[in-house]
Amino acid sequence: MEKPVKYINHEVADTLDSTNAFEGPEKLLEIWFAPKEPHVSAMAQPRQGLLAVPRQVWETMLNLVQCKVLSMLSYEGLDSYVLSESSFFVYPHVLILKTCGTTTLLDGLPRMLEIVADYTRTIDPSPLRIFYSRRSFMFPDRQLHPHRSWEDETAVLKQYFPDGQAMEFGAGKDKWYMFSCVQSQVGKTCDNFNDFSLEIMMTDLDPAAANLFSFDAVRSLNSPPGTPTSANPMESSMLSIDSMASSVGCEPDDDDPGHHQGNILTKATEIDEIYPTVTNQAIDSFAFAPCGYSCNGVIDAERYFSIHVTPETGFSYASFETNVPPQRFGMTHLDVIQKVLSIFRPANFTLVLFEEGKPKLGLPAGLSDKYSPTCEVSQSVGNYKMWYQTYRLT
Ligand SMILES: C[S@@+](CC[C@H](N)C(=O)[O-])C[C@H]1O[C@@H](n2cnc3c(N)ncnc32)[C@H](O)[C@@H]1O
């Protein structure tokens, strides 16, 4: 895989701190654009389309959302940003912005559309498909307008996408909301980039699993030689500290504590083993102080996964999201889901899977003996098939 160009924002990464209750569940916006000339592939032209927009310009949009870039991996066909509140992925024709906490993601939407119109020449600035989704908030009263209610969020989205449809799935704290607007005009294609996405939203993490995602737990890996290994919360994953500190698949230039500790966590928790058959991956990881973790993984320089962890007791939450088709690497959805569940051991989780075109896989039945399904819905969304399922520990 080509070596990514890596950027680290030390000014922000060195000074983050938060000790208050935190809203882990994210807002997720995905916008697809079509090439201006239907026969010209935006994907085929490196650094074209949305990749022509400089980082500093996207930062003007992220400022409105109230989050900052911590670091970035840049490839010919994909820019992957780890943010102070989750992740941002830029393809030549797709934007995927995921933000948590009290960020105001939808405040960034008009600027996003303005940037696309101003800075890109090869793509049509009117969106082809948009998806906005989130699960129910844990602390809804702390959200800022327009995220104080689903009705307010829908009203904003309708201003830009009057044909869009708002939907709600499940109930109670697992409730999941989605707004989508999918145009499928003949002649407008999004290149040969078959869309697929899997999200796992996990709550009530096993305390022992959650506790690993703290600065203190990582520091205990630095205990001097001779320290009894039983005192070490990650004893089963002991690697040499030097081998863990170098960033996974990237140049080892992560010299601020957040990135350094993040890289150690990625290896110690085996996040770098979620796709064990993948040989080309780079993982940009960050550990927050006093706790919390985020990473973006890039596979084969074109597909991503992202993990974000809020480990605090009482509102623990972890999310996993990917567009890596597992069958391409000899794996199944079940392999990936079970590997992720084994890292966090949540008491409850929600799966959302989207497949474009003729769905081949769907969600695995009978996930495991440990969990029972509490809600299952599947439906068509434009040219996609979507599955929503919730599970709880049996
Ligand atoms: C990793 S971030 C991203 C959260 C993510 N959406 C999730 O899935 O949980 C949140 C975690 O980092 C911690 N954190 C510490 N400082 C933070 C900061 N300045 N901004 C965001 N999160 C911070 C929070 O307390 C929380 O545990």
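The values are calculated or read from the model by the stated rules, or taken from the named source; none is laboratory data. Everything quoted here is computed from the prediction, not taken from an experiment. With ideal geometry, Cβ positions are generated from the backbone for all residues, glycine too; neighbour counts draw on all protein chains shown.
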>> For the condition surrounded by fewer than 18 Cβ atoms within 10 Å (Cβ to Cβ), charged (D, E, K, R) and at pLDDT 95 or above, what is the one hit in Glu59, Glu76?
In response: Glu59
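I want to confirm something. Restricting to the range 321-337 and keeping residues that are surrounded by fewer than 16 Cβ atoms within 10 Å (Cβ to Cβ) and of a type in the set (S, T, N, Q), which single residue is farthest from Val309 (Cα to Cα)?
Residue satisfying both the conditions and the ranking: Gln327.
Checking the conditions here, which among Glu11, Glu37, Glu2, Glu26 is modelled with pLDDT of 65 or more, crowded, with 21+ Cβ neighbours inside 10 Å and of a type in the set (Asp, Glu)?
None of the others qualify; the one that does is Glu26.
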> Which residues, taken from the range 289-305, are surrounded by fewer than 21 Cβ atoms within 10 Å (Cβ to Cβ) and near the ligand (Cβ under 9 Å from one of its atoms)?
Replying inline: Ala289, Pro290
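Yes/no matrix, rows are residues, columns are (1) of a type outside the set (Asp, Glu); (2) closer than 26 Å to Arg392 by Cβ:
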| site | (1), (2) |
| --- | --- |
| Met138 | yes, yes |
| Asp141 | no, yes |
| Ser149 | yes, no |
| Leu157 | yes, no |
| Tyr160 | yes, no |
| Ala166 | yes, no |
| Gly170 | yes, yes |
>> Can you confirm whether Tyr132 is in a strand (DSSP E or B) and surrounded by fewer than 21 Cβ atoms within 10 Å (Cβ to Cβ)?
In response: no
> Out of the range 44-73, which residues are at negative phi and in a loop (DSSP other than H, G, I, E, B)?
Replying inline: Ala44, Gln45, Pro46, Gln48, Val53, Pro54, Cys67, Lys68
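Please tell me if Gly258 is small (Gly, Ala, Ser), within 8 Å of the ligand (Cβ to nearest atom) and more than 26 Å from Pro92 (Cβ to Cβ).
Numbers: small (Gly, Ala, Ser): yes; within 8 Å of the ligand (Cβ to nearest atom): no; more than 26 Å from Pro92 (Cβ to Cβ): yes.
Here the answer is no, as Gly258 does not meet what is asked.
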> Just one of Met178, Met138, Met167 is over 30 Å from Gly49 (Cα atoms) and assigned to a strand (DSSP E or B); which is it?
Replying inline: Met167
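Okay, residues lined up against (1) of a type outside the set (S, T, N, Q); (2) closer than 27 Å to Tyr304 by Cβ; (3) modelled with pLDDT of 60 or more:
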{"residue": "Phe196", "(1), (2), (3)": "yes, yes, yes"}
{"residue": "Met201", "(1), (2), (3)": "yes, yes, yes"}
{"residue": "Leu205", "(1), (2), (3)": "yes, yes, yes"}
{"residue": "Ser223", "(1), (2), (3)": "no, no, no"}
{"residue": "Pro228", "(1), (2), (3)": "yes, no, no"}
{"residue": "Asn232", "(1), (2), (3)": "no, no, no"}
